[in-house]
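Notes follow the structure.
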Amino acid sequence: MRYPEFLKDRGTIGFVAPSMGCTTEPYRSAFDNAIKRFHSMGYKTIEGPNCRCDSGIGISNTPKKCAEELNESYASVDSDVLISCGGGELMCEVVPYIDFERVKQSKPKWYMGYSDNTNFTFLEATIADTAGIYGPCASSFGMEVWHESLTDAFNLLCGRKLSFTNYPMWEKESIKDENAPFVGYNLTEKSCISSIPAVAKGSRLTMRGRLLGGCMDCLINLLGTSFDHVREFNERYSDDGIIWFLEACDLNVMGMRRAMWQMKNAGWFSNVKGFLIGRPAHFGEEMFGIDHRQALSSLLRESNVPIIMDLDIGHMSPMMPVVCGSMADVSFDGSNFTISYDIEQ
C-alpha cells in the first residue's frame, strides 16, 4: 500500500469536483469561507476547473471532463493534497475515464472526500494500492468554528494526528442552509455505539486489519463491474485481513440488508476481520418491524467476526476520518471507540 506524504506547513491544497461542485447555497458560500480559512492558516489553494461548475447530470461536468480534472490534478505537482468539493449522484459515470494506471505511476497524493467520492477512495485502494481518506468535503471546512471532527480530519491530512476517538454527540437534523452557511453541527443526539459481541464492563473489544469500504450506495454499483478488484485485493492482503467500514445514504433498512447480502455473496467478505458500521442517513427508520441494526447484525453475524455499529462514519455528522487502505488498530470498551492508523511513509 502506498501512503502519500502529509501536507506540510504553507503547502498547497487542491480542490476538485469529480462529483458535485460548490455552485449552490449554502455550499458556495461555505466553500469560499473554507478557502479564506485555509489562507489565514498560511496554506495556498488551487481550484480545478469544475469546482464552480454545474453543467453535468448529478456531477459538476461531463464524466470525461470530471475525470480529466481529477487525472490532471492528481498527477500535478502544483498541489500537495486534494479535497473533493462534495458528494453527488453519478460519479460512477466518471470512473471509466479515471486513469488508474496514471495514479499508480504518479507520486501518491492524499485525496479526501466521502459519499459519492467512494468511487475514487475505494478504487484507488483496490486498483492502485494507494490510500485515501474517507472524510469531509471542502465546504464543511467553511464552518465558522470548526467542530473537533474537522480539526481531526485536517490534522490527519497534515500527519499531526493518527489516532481518533468517537465524538459524544451527533446531528440528526442539520440547520445549515442558504441563510446560515457557516453554522456548526446541530448536536442533539448522544453517541449510541454498540457492538456484537457486546463488551462487558471493564473489558475491551479489539481488532487489527486493513481498512476497506465507503458508502454502500456506491459500492454495490461497482460490484461485479470491470472496476471490481476486491477479490485480488483480498488475496494481496490475505495476511492482514480486512476491516470493512460501511455506511449508507439513500438506502433504506431493507436496501442496506440487500447491499450487504450482495457484497457477502460476491465474496467481498472472504477475508473479513470485522465490520465498522456508520450511522445511516435513514437512522431510526423501521421496515417490517426491524431497524438497521437488526437488519444488518443478523446477516453479518454469519461471518463470526466483531461488529461495531452506529459509528461516526459518513453522512450523519460528525464523521471520523477513515483511511481507506491503511492498517488500523480498533478498540471499543462499550462506550468509547478508538481507531489508530499505521501509516508508513
From Cα pairs below 8 angstrom and at least 6 apart in sequence, can you work out the relative contact order of the stretch 132-249, rounded to a whole percent?
21
Neighbourhood charge, 14 Å Cβ-Cβ cut-off, centred on Met260 and excluding it, Lys, Arg +1 and Asp, Glu -1
+2
Along the dipole axis of the stretch 234-345 (charges at Cβ: +1 for Lys and Arg, -1 for Asp and Glu; origin at the Cα centre), the most positive-end residue among Gly334, Ala259, Leu276 is Ala259
Once the piece of chain linking Arg160 and Thr24 is laid out straight, how much longer is it, given 0.36 nm per residue of separation minus the C-alpha distance between them?
45.7 nm
How far, in nm, would the chain grow between Glu72 and Met287 when pulled straight, counting 0.36 nm per residue and subtracting the alpha carbon separation?
72.9 nm
Give the accessible surface of the stretch 65-181 per residue, rounded to a whole number of Å², with probe radius 1.4 Å and ligands, DNA and RNA excluded.
35
Charge dipole magnitude, Cβ of K and R +1, D and E -1 - the stretch 152-306, Cα centre, debye nearest 20:
720
Starting from the Cα of Asp239, move 7 Å in the Cα-to-Cβ direction to define the label point; list residues of the stretch 323-338 whose amide nitrogen is under 17 Å from there.
326-328
Distance from the Cα centre of the stretch 9-34 to that of the stretch 130-161, in angstrom?
13
If you place +1 on the Cβ of every Lys and Arg, -1 on the Cβ of every Asp and Glu, and leave all else neutral, what size is the dipole of the chain about its Cα centre, to the nearest 20 Debye?
660
I'd like the carbon and sulfur percentage of the solvent accessible area for the stretch 1-92, probe radius 1.4 Å, heavy atoms only, ligands and nucleic acids excluded.
50
Going by the alpha-carbon gyration tensor, a ≥ b ≥ c the square roots of its eigenvalues, is the stretch 167-262 rounded (a/c under 1.5) or, if a/c is not under 1.5, prolate (a/b greater than b/c) versus oblate?
oblate
For the stretch 206-296, what does the relative contact order come out to in percent, with C-alpha contacts under 8 Å and a separation of six or more?
35
Would you please give the FRET efficiency between Ser55 and Glu232, computed as 1/(1 + (r/R0)^6) with r the Cβ-Cβ distance and R0 = 45 Å, to the nearest 0.05?
0.80
Per-pair calculated FRET efficiency, R0 = 41 Å: Ser174 and Glu5 via Cβ, rounded to 0.05
0.75
Which whole-number percent is the relative contact order of the chain (Cα, under 8 Å, 6+ apart)?
19
For the stretch 1-80, which semi-axes, largest first and in whole Å, follow from the square roots of 5 times the eigenvalues of its Cα gyration tensor?
22, 18, 9
Could you check what % of the DSSP bridge pairs in the chain are antiparallel, to the nearest 5?
50
For the pair Asn304 and Asn265, what calculated FRET efficiency results from E = 1/(1 + (r/R0)^6), where r is the Cβ-Cβ distance and R0 = 22 Å, to the nearest 0.05?
0.85
Note down the magnitude of the dipole of the stretch 61-165 about its Cα centre, charges +1 on Lys and Arg C-beta and -1 on Asp and Glu C-beta and zero elsewhere, to the nearest 20 debye.
260
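The values are calculated or read from the model by the stated rules, or taken from the named source; none is laboratory data. Keep in mind the model is a prediction, meaning the values are calculated, not measured. FYI the Cβ positions are ideal-geometry reconstructions off the backbone, even for glycines, and counts take in every protein chain you see. The protein model used for the area step is the full one, side chains on, heavy atoms only, and it has no ligands, DNA or RNA in it. Shrake-Rupley method; radii C 1.70, N 1.55, O 1.52, S 1.80 Å.
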